[in-house]
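Beneath this line is the structure, given in structure tokens, with notes to follow.
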Amino acid sequence: MQKTRAILIGRMQPVHNGHMQVINKILEEVDELIIGIGSAQISHEAKDPFTAGERIVMITQALAEMEVDPSRYYIIPMQDINFNAIWVSHVKMLTPPFSIVYTGNPLVKQLFSEEGFEVRQPPLYDRLHLSGTEVRRRILEDDDWQELVPKATADVLAEIDGVERMKNLSIKEISEL
Ligand code: NAD
């Protein structure tokens, strides 16, 4: 029987427990999942502090922590392009064929729906706390951010001095106001 293959695209700045729970849920529904690391060209900015490579390590190691079979997923970095109308073609060019799109992002939903894809909205897990914005806020304010992320994300931040990077970036941006 043909395998069902789906895609989930996220900036994942950084990878947090909401991403991992949604990936877990999707893998209960489909055979294979393409995990697109969105805005791959952006890093070292307050809203996008981590490189695509750093985000790939976070997600790869978090999936290993969850003991997900590596033959069930593909992790692919994806640069943004300026043209929303041809973004779906750009994504298709970079990925194995897929038929289902999982997203909570209205623009992503709109663009894939217009191209005839089945779009599914996964449940939101504790969105008040499990969002990149909240994790980044807690990191900058020395609040407990580790409880919101898999161990792999905390390990990557320790390896790259990620907390210091974020604090330096925020100082720079404030001084530029
Ligand atoms: P994100 O990391 O905020 O979220 C990714 C996905 O994770 C969401 O769709 C959501 O379903 C899920 N998620 C996040 N928190 C969750 C929680 N608590 N519980 C359950 N699920 C949760 O990323 P995003 O902003 O949606 O990423 C979209 C990417 O697509 C961006 O990089 C954007 O630039 C890119 N994009 C590019 C173009 C273009 O280049 N023209 C067009 C559209 C989108």
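The values are calculated or read from the model by the stated rules, or taken from the named source; none is laboratory data. What you see is a predicted model; the values in this text were computed from it and never measured. Virtual Cβ from ideal backbone geometry, glycine too; neighbours counted across all protein chains shown.
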**Report entry** Matching residues in the range 105-129 - criterion: being surrounded by fewer than 18 Cβ atoms within 10 Å (Cβ to Cβ), outside any loop (DSSP other than H, G, I, E, B) and more than 7 Å from the ligand (Cβ to nearest atom)
**Finding:** 106, 109, 110, 113, 114, 118, 119, 120
Report task. Looking only at the range 130-150, count how many residues are part of a helix (DSSP H, G or I) and either loosely packed, with under 12 Cβ neighbours inside 10 Å or free of Cβ contacts under 8 Å to residues at least 12 places away in the same chain (or both). Result -> 5
Query raised in the report: Which numbered condition trips up residue 63, out of (1) crowded, with 21+ Cβ neighbours inside 10 Å; (2) within 13 Å of the ligand (Cβ to nearest atom)?
Result: (2)
Requested in this report: Answer yes or no as to whether residue 18 is surrounded by 20 or more Cβ atoms within 10 Å (Cβ to Cβ), under 30 Å from residue 161 (Cα atoms) and not aliphatic (A, V, I, L, M).
Outcome: yes
Query raised in the report: Which residues, counting only those in the range 81-104, are in contact (Cβ under 8 Å) with a residue 24 or more places away in the chain, within 22 Å of residue 25 (Cβ to Cβ) and surrounded by 13 or more Cβ atoms within 10 Å (Cβ to Cβ)?
Result: 91, 95, 98, 99, 100, 101, 102, 103
Query raised in the report: Taking the stated definitions as given, is residue 125 at pLDDT below 95, within 16 Å of the chain's Cα centre (by Cα) and not small (Gly, Ala, Ser)?
Result: yes
Report summary line: Subset of the range 1-22, residues within 7 Å of the ligand (Cβ to nearest atom) and under 19 Å from residue 100 (Cβ atoms), comes to 8, 9, 10, 19, 21, 22
